[in-house]
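Working notes for the structure below.
The numbers here are math on the coordinates, done by the rules we state, and not lab data. Predicted model, so just to flag it, every value in this text is computed and none were measured.
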Amino acid sequence: MATWGEFAERAPGLAAAGRRLFYQYGPGLGFLATVRPDGGPRLHPVCPVVTDDGLWVFVVPSPKGADLERDGRYALHAYTPEEVEEEFCVTGRAGRVDDPTTRQGVAAAYHAPVPDDHTLFSLDVGRVLHAAYRFRGDWPPSTPGGPSRERPSRCSLPSPPRPSASSRSGRCASTSTAS
């Protein structure tokens with residue numbers, strides 16, 4: 001896992017695409033998936049905050065917040081643009097942030113005042129997917145040799161290395177055109 005800042009250093013193009021898609025409609029917008037106590041998924045719209053060093057989300061008192069407290073696994077998917085088929089999704093682990101200085105800094109970057117009962121979570125980055133298509137419905141092509149499409153960009157970031165594996169690094173691929 002990595003912070004958003006570490007991810008952006010390793011894969012600046014992917015991070016820029018993610019930031020652009022999260023903020024394409026003004027405030028950050030995405031769908032946050034969490035894990036319910038029974039193991040099933042829970043999905044809600046949220047307003048993520050992307051800063052130079054972090055990916056954050058304020059969560060109202062809710063089952064979604066309880067999910068993140070109990071099991072920090074999450075997936076965050078940006079809203080898709082209206083004009084083209086393009087998507088950005090990040091998965092990883094969320095952690096509650098109680099530090100008042102951090103909360104104040106993230107709240108300053110938020111699009112509206114943040115009520116005191118909203119819990120701040122930091123979203124660590126484990127995997128990222130960015131996919132852009134030439135036109136809606138172009139994934140996968142309907143026939144062999146059909147129209148070309150963009151390959152998804154993926155980025156997997158390792159957990160902090162163990163002492164014996166200190167030379168590992170994350171793998172991030174850029175978007176390329178396939179035929």
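Scanning residues 5 or more positions from Thr3 or on other chains, those with amide H under 5 Å from its amide H are Val125, with H placed 1.01 Å from N in the peptide plane. Converting phi to 3J(HN,Hα) with the Karplus coefficients 6.51, -1.76 and 1.60 and the offset θ = phi - 60°, the stretch 23-34 yields 9, 4, 10, x, x, x, 9, x, 10, 9, 9, 10 Hz in sequence order, with x at every glycine or proline.
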